[in-house]
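Engineer: After the structure tokens below, expect a handful of questions from me.
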Amino acid sequence: MNIGGKKQILWLFLVALLLSQGGFASKKEVVFLDLHALHQTDLNDSIQVLDMWDALHCASTLQGIVNRTSPRLYLRYVTSHGIDIDSHWWNIYRRKGEWLHACDSIPCNRVEDAVAAFRSCVKGAVVYDSNVPSTSNVASSVAGAENLIALRYDPRPQSLYSRLVLGESAIPVKCWLVNPDGSSMFTGKGTLPGCDRPSSGSVKCDPYLWFIEKYMKTGRCKGRYAGYYIDQYWRNKPRSAPMNHHLLSNHDFFVSKGGFFFDLSPWADEPATDEPSQPLGTDAATLSELLSQAYRLGKGKEMCYIGGFPAWAYKYTRRAGGTHEDVATEWQFSEFISHYNAFKDADAIGYGAMANASFWQHFPLKKTYPQKWVEREQLVSRGLISADGQLAKGKNFIVVYVGDYDASSWVSQCLPRLWDAPERGRLPMMWAISPVLAQRAPHVLHYLRQTASHNDYFVSADNGAGYLMPGTAEHEDSLQGTTDRVRAWERHCQRFYHQWGIDITGFIIDGNGPAMGTRSLDAYSRFSPRGIVPQKCPPASLYMGMPVLRSDWDLVSNDPKVAAQVLVDRIRDRGGLPFHWFRCILKSPKWYEETIAEAKRLNPSIELLDAPSFFELLKWWLETESQSQTPAHAKE
């Protein structure tokens, strides 16, 4: 027997011993499943691609099941900019005195061994159809509802399906989304399998409609959580984005919550690019029905948490054969979900992959994470307000929205290199991080607060505790004669803003939806009283004592000199209003230092303020200006 075989027997003996003592019931025993080798997959080899897909899909659904009530299975997979992301966060909390310091880590590098270790937790398998891409998402939905692992039908002897379902310790198949002989159950014709509902005429959409009939209408899915992640169609275009953007590693959290998964176009004016033969608008109609069922299950009082983002590099956009641009598709989806009490945790392309959210959801957070506000007397002592009650003359005050951190995956992947940079803390930075990310990345948000400098202040990213369009939600309430959506959004945000000491919403994307009306503004004035920055509003105004500043330009260039020139030119062109907001995406602290230094060289009137000083000064100025003959909101 070779050495590898001996090690395998020893590992299985250890697993059996632990299981005989009650399994991995304690968080002090964690199986560490190392799938890092999957990054060596040759994307030119279709068989290797299939094997990678199968391993990650099975592992993620297994994680969701076994980590539902306690953290027992950890996965090493995601890398970013040369950083082993999963090991990075694991090692931080393995330090002495940290959460995982005392746990016993049990190494594993084969998915079937992890399945064997937790066999008592798994009721069986849900098997899906390689030839109907949407069945992979429906399989994840069924997995969470029934405690099943998801397996793609593949009769090859060496496939994961064959090893787990046809082997000596065969796992029973409890749900078939493909016929046992491998032929397709869903054909886009006749009636849906096992129910009287007629086919939609779409092979893609019928599995989702089947899930609605079997699980949502019967209450077996509660509709509180959903994953908007690409289905098996990814295998057709694996190079359209980073390899890990199949996002299978993201499924675990939503499986643990018994959520539903989908990959549907929000556009009703064209067939979905991944199924151009479907009747026009079928994708959008199916998405509407899924979200309507989720709204019904929540009785209009609960929010639906959607992880994910339009897969614009693969589907539904001009670059994928459609007629709509990338950002337009983002906004269309955001507006779409806002009709149904749903928001998104925006795992967008580039940094969308995240593993282990089902594990980290058990991280022990503090009850609250307060932040210190500024007193007006401090503004006077710093010369921002003169002794005779005037705004410091000749100054242009700026605040920079340090984003975009409206996605758990983005904070998990990007902050290890950006937050831990040695330059952080030298300049006041307004970190825009959605507090709802504490559901999937509590360990990251906790780490930020524990290591923040006096110059780091946290506000909410777009558009609060999650990304929806509040004006759209308010408009839908008006159409329906209800207040459910705005009230549910306010209750939801209030909880997270309070826990994380948030009092500013750093950016509100109104997109192609309507501007916020009085009911939305009333809600924000209660949970975000220090300020908001929408797209559709006057340049600057007060609402119930809440400063409202219209968003302005993005600083896009990675060259600090170019970005500084854009900043300076914009301040010159605006004129009149001495308060300026700029948005940046994934810039380093060093970049901010160099950009601000160059901007001040070009225009010495520029003064970068910390968020509390900026918004408190803005509020004071608006109160003062409101007493003059020229209202502040009329100035540009």
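Engineer: Go through (1) open to solvent by 20 Å² or more (accessible area, probe 1.4 Å); (2) farther than 25 Å from residue 346 by Cβ; (3) of a type in the set (S, T, N, Q) for residue 273 and report which single condition fails.
Structural biologist: Residue 273 satisfies every listed condition except (2).
Engineer: Also, quick follow-up: Identify, please: which residue in segment 148-162 is surrounded by fewer than 19 Cβ atoms within 10 Å (Cβ to Cβ) and out of contact with any Ser or Thr (no Cβ under 7 Å at 6 or more places or on another chain) and is, among those, farthest from residue 256 (Cα to Cα)?
Structural biologist: 157
Engineer: Just checking, how many residues over segment 121-157 are touching a residue at least 60 places away in the same chain (Cβ under 8 Å) and either touching a Pro at 6+ places or on another chain (Cβ under 7 Å) or among the polar types (S, T, N, Q) (or both)?
Structural biologist: Going through segment 121-157 one residue at a time, the tally reaches 10.
Engineer: Something else about it: Report every pair of residues separated by at least 6 positions or lying on different chains whose Cβ atoms are under 7 Å apart, first residue within segment 193-213 and in contact (Cβ under 8 Å) with a residue 24 or more places away in the chain and aromatic (Phe, Trp, Tyr), second in a helix (DSSP H, G or I) and open to solvent by less than 30 Å² (accessible area, probe 1.4 Å).
Structural biologist: 208/138; 208/286; 208/290; 211/138; 211/141
Engineer: Among 115, 138, 126, 132, which is part of a helix (DSSP H, G or I) and under 27 Å from the mean Cα position of the chain (by Cα)? Step through it out loud before you land on a result.
Structural biologist: On the way: 115 fails: under 27 Å from the mean Cα position of the chain (by Cα); 126 fails: part of a helix (DSSP H, G or I); 132 fails: part of a helix (DSSP H, G or I).
Answer to the check: 138.
Engineer: Sticking with this structure for a sec: Assess whether residue 347 counts as being at pLDDT below 95 and either of a type outside the set (Ser, Thr, Tyr) or closer than 22 Å to residue 459 by Cα (or both). Step through it out loud before you land on a result.
Structural biologist: Numbers: at pLDDT below 95: no; either of a type outside the set (Ser, Thr, Tyr) or closer than 22 Å to residue 459 by Cα (or both): yes.
The answer is no for residue 347.
Engineer: From the set of residues in segment 377-411 that are in contact with a Pro (Cβ under 8 Å, 6 or more places away or on another chain) and within 20 Å of residue 597 (Cα to Cα), which is least open to solvent (accessible area, probe 1.4 Å)?
Structural biologist: 397
Engineer: If you don't mind, there's one more thing I want to ask. In segment 299-321, what residues are more than 25 Å from residue 432 (Cβ to Cβ), open to solvent by 10 Å² or more (accessible area, probe 1.4 Å) and either touching a His at 6+ places or on another chain (Cβ under 6 Å) or in a loop (DSSP other than H, G, I, E, B) (or both)? Quick ask: steps written out before the conclusion?
Structural biologist: Taking segment 299-321 first, the residues more than 25 Å from residue 432 (Cβ to Cβ) are 299-302, 314-321.
Keeping just the survivors that are open to solvent by 10 Å² or more (accessible area, probe 1.4 Å) gives 299, 301-302, 318-321.
Across segment 299-321, the qualifying residues are 299, 301, 302, 321.
Engineer: How about segment 343-393: which of its residues are over 30 Å from residue 615 (Cα atoms) and among the aromatic types (Phe, Trp, Tyr)?
Structural biologist: 351, 359, 360, 363
Engineer: Hey, residue 98 hits all of (1) open to solvent by 10 Å² or more (accessible area, probe 1.4 Å); (2) part of a helix (DSSP H, G or I) but one; which does it fall short on?
Structural biologist: All conditions are met except number (2).
Engineer: Shifting gears a bit: Hey, any hits in segment 273-284 for a residue that's over 21 Å from the mean Cα position of the chain (by Cα), farther than 14 Å from residue 221 by Cα and β-branched (Val, Ile, Thr)? Break it down into steps so the answer makes sense when it comes.
Structural biologist: Initial filter on segment 273-284 (over 21 Å from the mean Cα position of the chain (by Cα)): 273-284.
Imposing the further condition that a residue be farther than 14 Å from residue 221 by Cα reduces the set to 273-284.
From the residues that got through so far, the ones that are β-branched (Val, Ile, Thr) too are 273, 282.
Yes, the conditions are met somewhere in segment 273-284.
Engineer: Looking at segment 218-227, is at least one residue more than 20 Å from residue 296 (Cβ to Cβ), out of contact with any Cys (no Cβ under 9 Å at 6 or more places or on another chain) and either small (Gly, Ala, Ser) or surrounded by fewer than 21 Cβ atoms within 10 Å (Cβ to Cβ) (or both)?
Structural biologist: Scanning segment 218-227 turns up no residue that is more than 20 Å from residue 296 (Cβ to Cβ), out of contact with any Cys (no Cβ under 9 Å at 6 or more places or on another chain) and either small (Gly, Ala, Ser) or surrounded by fewer than 21 Cβ atoms within 10 Å (Cβ to Cβ) (or both).
Engineer: Okay, next question. For segment 555-570, check the following and say yes or no: at least one residue is crowded, with 19+ Cβ neighbours inside 10 Å and in contact with a Gly (Cβ under 6 Å, 6 or more places away or on another chain).
Structural biologist: no
Engineer: What tally of residues in segment 547-570 results from selecting those that are within 30 Å of residue 529 (Cα to Cα) and either without any contact (Cβ under 8 Å) to a residue 40 or more places away in the chain or outside any strand (DSSP E or B) (or both)?
Structural biologist: Here the count works out to 11.
Engineer: May I ask you to verify whether residue 196 is more than 31 Å from the chain's Cα centre (by Cα) and among the charged types (D, E, K, R)?
Structural biologist: Against the criterion (more than 31 Å from the chain's Cα centre (by Cα) and among the charged types (D, E, K, R)), residue 196 qualifies.
Engineer: If you take the residues in segment 40-70 that are touching a helix residue (DSSP H, G or I) at 6+ places or on another chain (Cβ under 6 Å) and of a type in the set (Asp, Glu), which one is least open to solvent (accessible area, probe 1.4 Å)?
Structural biologist: That would be 54.
Engineer: Which condition number in (1) out of contact with any Lys or Arg (no Cβ under 9 Å at 6 or more places or on another chain); (2) open to solvent by 10 Å² or more (accessible area, probe 1.4 Å) is the one that residue 414 fails?
Structural biologist: (2)
Engineer: For residues in segment 571-597 being open to solvent by 50 Å² or more (accessible area, probe 1.4 Å) and among the hydrophobic types (A, V, I, L, M, F, W, C), which is nearest to residue 416 (Cα to Cα)?
Structural biologist: Going through the qualifying residues, I end up with 585.
The values are calculated or read from the model by the stated rules, or taken from the named source; none is laboratory data. Keep in mind it's a predicted model, so treat the numbers as computed, not measured. Using ideal geometry, Cβ is built from the backbone for each residue, glycine included, and neighbour counts are taken over all protein chains shown. Accessible surface is based on the protein model in full, side chains and every heavy atom, while ligands, DNA and RNA are left aside. Shrake-Rupley method; radii C 1.70, N 1.55, O 1.52, S 1.80 Å.
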